[in-house]
Every structure is written in structure tokens, then in C-alpha cells.
Amino acid sequence: MISPDLKDLFQSVESAFCVPEDTEQLSFAANLLKSVDSEKIASEIKLLSDRLEFLDCSKVFGNEDPGTVCALDVDIVFNKDHLGVEKRDPYQWKDQSLLKSEKIMKVILVHSKSLRVVETKLRVYKEYEMLFRSKTLQLQHEYEDFDEIAKKSANAKVSLFQRIIHSLLESIPSKKLANIVSKAAEHSFTQFNFRDICYNEFIIDREDVGTVYNNSYICRFFLTVRRIKRRLVRSALRKICKLLGFKICKDIMLDIEFAMGTMHMSEDQRQLRIDISDTFIETLTFEITSFLISLYDPIDSASFPAGSFFEYLFNSVDVNSSTWRRKVAEETYMMVSKHQEDIVRKLLLLVEHMCKKTTEDIKYVSRSLQKWKEKTECMDMVELVSIWEKREAMKNLSGLGSHKSVLNLIAGLKNDNQILKVFLSIDDQDAITFIKNHPEIPKETTVEFVVVKSYKEQRDQAKTKNYHIEKNVREILSKTIKNQGERIYAKHSCVVGLGIGNMDCNGQITPCIIIYCLDKDLVPFGEEPLPKTLEGFHCDIREDFIMFGACFDCHEIAHPNPGCCIGLPSNGIGSAGFLAKTNESGLETSGFLTAAHVAAENWTDLYYNKVLLSELEIDQYNYEIVHCPLLPNDNSSQIIGKVRESYCGNWGPEDIGIDAAFVQNYDQDKAAYRELQPADESELDYGDQLIVLKRGGTTGKTFGRLLDGSHSPCVNPRLDDVAWRLGGFYFFDGCFAVEDISGPFFNLGDSGSGVFLTENENPTKPLGIAFAKLDNEPITFVCRIDQVAKAFKLRLYETVETMEI
């Protein structure tokens, strides 16, 4: 994938190979450049705008052109407390000749899931640091634009051509020209050549006259003979000059070929074959012919003295006879021989001028290519790594983990100034003072602090007006988010979510992709600015923060109702969601759903391994859930069940985001129940005012407006999560987005609560599990309950006694 700007640069490369306009046709530079494959190289560079081909390493034989690229694939995997590097094909790495080759560009192509690009590339660099001493070993992540690799490939091709140009310039003869011209004149100005040309010249004088091999053509009037002779001589001079021009051009080209063959170049380049320049020949022919005709015309005017006049008047002449044509040939040859030194002198000046002009034109092309090549220069690997290490250093500030109020931080450049932006859960002056005075933070760094709003605070910001989006456009936007989501999160560490919306583009309301980010102007170290468009759609960039929910407060009962507060004994933070039943070994068991990050301590392992809890050795994970989680110095919580299934991440063939856990009740619910059918998204019309209902441990019963089913939240790890230091992130594809109506729809402690579609404010069908919310915009993210039920093989129900809300 190549950026539009780079595509334009590659498409413009032909202009850099063009010689200046030559109205006098005194240069044969274009012909020389063509002979050394200028058109081929320009074409190869232009092709880079469409595709960058990677050669199979097993098919590298060492005779490839510079700029050829081959890939060495590695996977970066999250392994508990470190990033592992795994070679996809270890055999490729055993070819030392390939690794040491300075001709072939080797690219370590990095593949990873839910990991930041910068952290993965830095990990690979440290793994193979010794190999990166080679200038032809590059590092690339699959999610990045391949601009840098394409630039380096083009740069290598142009550099090769510049070396060839330098050789060409050294090969163009200067001191040898006099000898070349003199020998060419001797070779061309012979009696045989003049006679052969005159014999074979087919003359036309109002009608076909012919050659010596045609019938006789008798002329009885001297003016006719004179006219035919003039035509014959001029034609002979023109052809002899063309022969001369061809000989000079050929000898110059042969001299260049020989000189190129003695230089330190590849076999193909030494075996150069330069086509003879038609332009060169035509220019020489025209200039010398004009000079020779200027010598002949005065002779021609005086070629018929009085005696001859009567001779031609009374004696007929056969202009096709070998006798007459031989006489004309000898006269012409004598005239040329008499002035041969002048001809050679004039010719040498002309050839020297043409070679000088050719040299100037080639130097012009060399300068043009240098200017073009400068646009393909890339940052040195050492400099890149130093930038990545700045980012790493900010994440590893000593003592940072002791300040629990620090939620996240990003370091980078804003308006060319080095910035460290710190996000706090509260106005923690101890943490602020600690960071401001931290000795490991460079003095030139400006530190900014942001206190994230409490979810319990009423938001008074204006809601974004939602304009209607056509269904087909919404589907395309949804696919774009699906295609680009993980790529964006991996490349841009400040992005916390993607969604569908509208924005004002030059006074027109246009469907767009919303990018939620921590700071729209700060570019983290090692990253590029946020994209302005994605697959042709404009991006509306909005600043926000995202978190999971948490709370402490509830009642004591053995069977929590939907919305009750539940959690792990050591960290109770969520709500009970939908009631559910499952058939396990033929025995029906009841329980409830909540969020995985609420009920399973190993939810991050589930995320990075992309497995269900049941696919692991479940006996190792005995997660008991309490109703009314522990408050400080409170031992009144009741253990009510055990986590039987959970999943956190993107599940199934469509990679739909799920954050859910099924808790089996220890005390099985024997109450009468009614099975519920999950909502079918195909029945939803987001253009309507779809009102949904949620029951949560913190906010209780709340209503919201369903906006869309294609949002993608991305939650950053906490600072005490090793994934934060290693560049991990947790994103969830294809989530519902619900907007607050009159008050908060979702607050701390509501994670895991069930969300229903409604009719007349009464619940109708289960929609999903609420698990996260933005901080600035009043939007809650809900994972799809139909996918949860399918993944966990559950049936949803409600008890008949508690059907009314």
C-alpha cells in the first residue's frame, strides 16, 4: 500500500529522465540514455506506484537488479511478560549470502495482532541488531504504508542509473575525436564510394531517368544535362555525407562501448550495445552536405565554358552511361579531396560541439535525477530507533506504577515541541508533582495533565446532531472501519475508537468516519499524523478518553437480578447482565452474563490467545463471583457462582467484538422462565429513533438512543498491565453505540449490564452487553448478545416473576 503523494512522485519520474529540448538536434544524449535502459528503469519506478513486489527469498540468485526486494517474515506474539519473535520460515535466514548481499534489499516484514507498530519494530530491531549494520536490511510492519520500502527501492534503482550516467560521461570521447573524424573521412571519401553512388543514383527529372543499369537516357540540350548533373552531384554529396556521419557516429559509439566495458560494472552493463543515433547522423549529414554544396555550386556555375556549350549543343549525352557518371563521380571526388582538410576541420568542430552538448544534457539529467532522488531519501535506521527509544523511555519512567491515578500517557511532538501528556483519574497533586520533577524526563519536554471526568458526573456538552445516512453508505463505512480498524490502532497509539457519523465538509453535511483520539494535534514518537481520509471517506477527528466501568454497591441475594452489582472477591467492579441457561452434559444449568473484564482475571490472556475460557484447562481458573463486592473492611459479600465461560476480543469468522463471561449460579434458579430471542440487526433501522434500555448496578434503569452497530472502541491497558509497556491494546469490532438521552446511560459499575431494544419504554429483545464508554462524548459501547449466545452456546431467559421492570 503506497500513499497518494508517493504515487504522484513515482508517476513523475519520467520527467527526471528527460533531456532538455534540443531544437538544433545537436545532442545524442537521449539515444545514449535509452541504450543504458533509462526507459526500463523509469518504467520500473512508475510501477512502484501500483505495487511493490516482494521476491521469494528462495528464488534469489544474486543477479537481480538493485532495488529488488525480498521479505523475511516474522510474527510478534504477546507472551505474558514479553514480546516473542518467531520466524515464519527459519530456512530463509540460513542463506548468509542473501543476508550479506548489498545488492538485494531485505525487508524484515513484521506481523502482529493488537500490538502497536512502534513497539513491535523496536522489539525486532533489538532481536537482530547486528544484522541491521547492513544498509540493505530494512524493517517494515504489515500495517504500515510501504512508502519507505518503495522509496528505498526507487532510490537504489536511481542510484544505479546515476553510476551508469557517470560512466557514460567518462566514456564520451574528447581527445580521440580528431582521429575518429579523420579516419571516418578517409573511409568515406573514396573514389569507389563516389563512383558506386553515382552509378546507383536513380535520377528523376520530370520523368524517370534511372541509373546506369537502366536504358540509355539521351539529353540533347546542355541545360538539361547541367540540371541532371547538379541533381546527381548533390545527391551523391548527401549520401556520401550520410555515410560519413554514420561512420563517425558508429566509431564514437564503439569507443563509448569499449570504455564502458573496461569499467567496474556488472556484466550486463559492460556488454553495452548503443544504437546509432539517427539524430546524430541526420545533423552531421545536413551540416556537411550544406558545406560541400556550398563548395560545389561555384564550380557548377562555371563548369560550361564557351567551347563546351557548342559541344553539348551539337552532341547528345547519355546521362545513364557509366562513362558520363564515372566522369561526374571523379570530378566530385576531386573537389572533395581538394577541400578534405577544411571539411575535416569543420566537421571536427561540429562533432566536438555535439559531444559537448550531449555531455551537458546528460549532466542535466543527472542533476534532475538527484533532485528527484532526494525526495525518496528516508530516515536512517539509527535515527529511527533513537525516536522509538524516546517513546520506550517515557513508558518506563521509574516509580510511575506507584501512582494509581495515572491512567495513561502519550509522548510525542505537538507543533514541533516535545510533549508528554498524562491522563489522571483524579486531580492527584502528588502524581503531578512526581511527574513534573521526574529526572528521567528531558528538560525540553513540556508536561500536560488531563483529569478524566468521572462517569458519575453529569455531562453538559452538546450532543452531536445525527443526520440520516443511507443504508448502502452506512454498510460501506462499516466495512471501512472493519478493514482499517486494527491497522489504525496499531499505527496510532492515541486513537481510542472509530465510528460512523456526519461532518461539515465545505458547507455540506457528509457521511464520515469518526476517529476518537487522546489528542488530535500530538503525534506520538515514531508515528505519523492521523489520517484525514480512510478509503475515500473524510475523517472527523474528536478528542476523547475511553475506560471500562467500575463500582461498589449492591444487595445480598443468591440470585442476582439483571443490573445487580457483582464481581471477583478481590476486585468487584461490574453488573450482572442477562440471565442465561446452558445444557452441559445433558444437565441444564442457569446463571447470568457479565463482562469478561469484570469476572475473569485472565481476560487479557483470552484476548491475546483468542480462545474461550473453556478451551483452556479450566480447573486452573477458579473464578468465583460475589454478589455485592467487597468494600474496604467489609466481609459481608456472598459468593454466588463460578465463571464457566468467558471471552474477550474479536470472535468468530467475522471477528465480532465480545467482552462477556457466563457465571453459573451455585444455587440453581428453579423459577419459571421465558426464553428471549436476541435482536436481529437486519431488522434495525438506524435512521429511526431507536430507544434502548439498560439495567446496571450503578445507574439502574436508563434509556439511550441507538446510533449504529459498526463502532469500534479501543481500550488502552492500565499502567499496571504489562501489555501497556509492551504496546498492547484491546479493541472490539462491530459494537453497538448508544447515546445518552437525558442523563448518563452508563457509568462506573455498569460493565456487564444488559441492553434491550424497547417499545413504549418496555424491553422487547436483548441487544447486547454494555462494557465501555467514552469520556467526553456521551456514547456507550455494547457488544452483541447474539454473538455471545452463539459463542457460549447459551439461551437467554427472564423469570416470569420478575418480567416487569
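The values are calculated or read from the model by the stated rules, or taken from the named source; none is laboratory data. Predicted model only: the values in this text are computed from it and were never measured. As a convention, Cβ positions derive from the backbone with ideal geometry for all residues, glycine included, and neighbour counts pool all protein chains shown.
Just to confirm my filter: which strands (runs of 3 or more DSSP E) fall fully inside region 724-805 and include at least 2 residues that are within 25 Å of Gly499 (Cα to Cα) and either among the acidic types (Asp, Glu) or at pLDDT below 90 (or both)?
Answer list for region 724-805: 735-740.
Pairs under 7 Å by beta carbon, first residue closer than 13 Å to Trp324 by Cβ in region 204-233, partner surrounded by 15 or more Cβ atoms within 10 Å (Cβ to Cβ) and among the acidic types (Asp, Glu), six or more apart or different chains?
Close Cβ pairs satisfying both conditions: Thr211/Glu201; Ser216/Asp318; Tyr217/Asp318; Ile218/Asp318; Leu232/Glu201.
Would you be able to tell me the number of residues in region 67-108 that are at pLDDT 80 or above, within 19 Å of Val158 (Cα to Cα) and not β-branched (Val, Ile, Thr)?
So the answer is 4.
Just to check your reading of the model, which residue among Trp324, Trp372, Trp388 is of a type in the set (Phe, Trp, Tyr) and in contact with a Ser or Thr (Cβ under 8 Å, 6 or more places away or on another chain)? Full working, then the answer.
Details: Trp324 fails: in contact with a Ser or Thr (Cβ under 8 Å, 6 or more places away or on another chain); Trp388 fails: in contact with a Ser or Thr (Cβ under 8 Å, 6 or more places away or on another chain).
Checking each option against the conditions leaves just Trp372.
Has region 191-201 got any residue that is more than 16 Å from Glu330 (Cα to Cα) and touching a residue at least 40 places away in the same chain (Cβ under 8 Å)? Steps first, answer last, please.
Filtering region 191-201 for residues more than 16 Å from Glu330 (Cα to Cα) gives none.
Checking region 191-201: not a single residue is more than 16 Å from Glu330 (Cα to Cα) and touching a residue at least 40 places away in the same chain (Cβ under 8 Å).
Of the conditions (1) under 36 Å from the mean Cα position of the chain (by Cα); (2) among the small types (Gly, Ala, Ser); (3) surrounded by 17 or more Cβ atoms within 10 Å (Cβ to Cβ), Gly687 fails just one. Which one is it?
(3)
Quick check: is even one residue across region 646-662 in contact with a Leu (Cβ under 8 Å, 6 or more places away or on another chain), in contact (Cβ under 8 Å) with a residue 24 or more places away in the chain, assigned by TED's automatic domain parsing to the domain that holds Leu757 and farther than 30 Å from Ser478 by Cβ?
no
Only one of Leu223, Leu232 is assigned by TED's automatic domain parsing to the domain that holds Lys357, of a type in the set (A, V, I, L, M) and surrounded by fewer than 21 Cβ atoms within 10 Å (Cβ to Cβ); which?
Every option except Leu223 fails the conditions.
Would region 370-378 turn up any residue that is surrounded by 14 or more Cβ atoms within 10 Å (Cβ to Cβ) and among the hydroxyl-bearing types (Ser, Thr, Tyr)?
yes
Per-residue answers, yes or no, for (1) assigned by TED's automatic domain parsing to the domain that holds Asp605; (2) over 21 Å from Val385 (Cα atoms); (3) in contact with a strand residue (DSSP E or B) (Cβ under 6 Å, 6 or more places away or on another chain):
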| site | (1), (2), (3) |
| --- | --- |
| Asp89 | no, yes, no |
| Lys103 | no, yes, no |
| Lys113 | no, yes, no |
| Val117 | no, no, yes |
| Leu122 | no, no, no |
| Tyr128 | no, no, no |
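Please find, within region 638-667, the residue that is modelled with the lowest pLDDT out of those that are assigned to a loop (DSSP other than H, G, I, E, B) and either charged (D, E, K, R) or crowded, with 21+ Cβ neighbours inside 10 Å (or both).
Result: Asp667.
Note down all Cβ pairs under 6 Å where the first residue falls in region 693-717 and is under 30 Å from Lys113 (Cα atoms), the second is outside any strand (DSSP E or B) and of a type in the set (S, T, N, Q), and they're at least six residues apart or on different chains.
From region 693-717, the pairs are Ser710/Ser478.
Condition check ((1) assigned by TED's automatic domain parsing to the domain that holds Glu282; (2) in a helix (DSSP H, G or I); (3) at positive phi) across all residues:
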site	(1), (2), (3)
Val336	yes, yes, no
Leu350	yes, yes, no
Leu369	yes, yes, no
Ser386	no, yes, no
Phe423	no, no, no
Asp430	no, yes, no
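On the given criteria, is Ser27 touching a Ser or Thr at 6+ places or on another chain (Cβ under 9 Å) and either assigned by TED's automatic domain parsing to the domain that holds Phe246 or not in a helix (DSSP H, G or I) (or both)?
yes
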